[in-house]
Amino acid sequence: MDLIGYCYPLENSNMSITLEDSYKKHDTYCTNVKKISTYYVVEGEGKFIIHDEEYKVKKGDIIEIPKDTEFTYVGKMKLLFISAPTYEHSDFIDGRLNEI
């Protein structure tokens, strides 16, 4: 995987914030089956593929991915992933490989 993530503990147990360093891409397409996925591009640029639509992103952009929507991303970016309620790995279903 070309991604490293750092999850920071918060006093507010209803949300979580993770800083993800993406060096190339997310390995698979995935679907969040429990909640909306929100990403903020802290550094870099790349693209998100959301429900087979491609979106170019850069520093300062916010990406909101609806529940039950397949997505992946590509690029050298630092992403802030905000999850409310708290992120649980079991909320995501990994799908097909990201061949981009």
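The values are calculated or read from the model by the stated rules, or taken from the named source; none is laboratory data. The shown structure was predicted, so the numbers you read here are calculated from the model rather than taken from an experiment. Methodologically, a virtual Cβ is constructed for each residue, glycine included, from the backbone with ideal geometry; neighbour enumeration extends over all protein chains shown. Note: areas computed on protein heavy atoms with side chains; ligands, DNA, RNA excluded. Shrake-Rupley method; radii C 1.70, N 1.55, O 1.52, S 1.80 Å.
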Elements of type strands (runs of 3 or more DSSP E) in segment 37-100, at least 3 residues being closer than 17 Å to L19 by Cα: 37-50, 62-65, 70-83
Within segment 47-66, track down each residue that is touching a Ser or Thr at 6+ places or on another chain (Cβ under 8 Å) and at positive phi. H51
Output the residues belonging to segment 24-79 that are open to solvent by 50 Å² or more (accessible area, probe 1.4 Å), within 13 Å of the chain's Cα centre (by Cα), closer than 21 Å to N14 by Cβ and in contact (Cβ under 8 Å) with a residue 40 or more places away in the chain. Y40
Here the residues within segment 1-24 that are among the hydrophobic types (A, V, I, L, M, F, W, C), part of a strand (DSSP E or B) and at pLDDT below 75 are L3, I4, C7
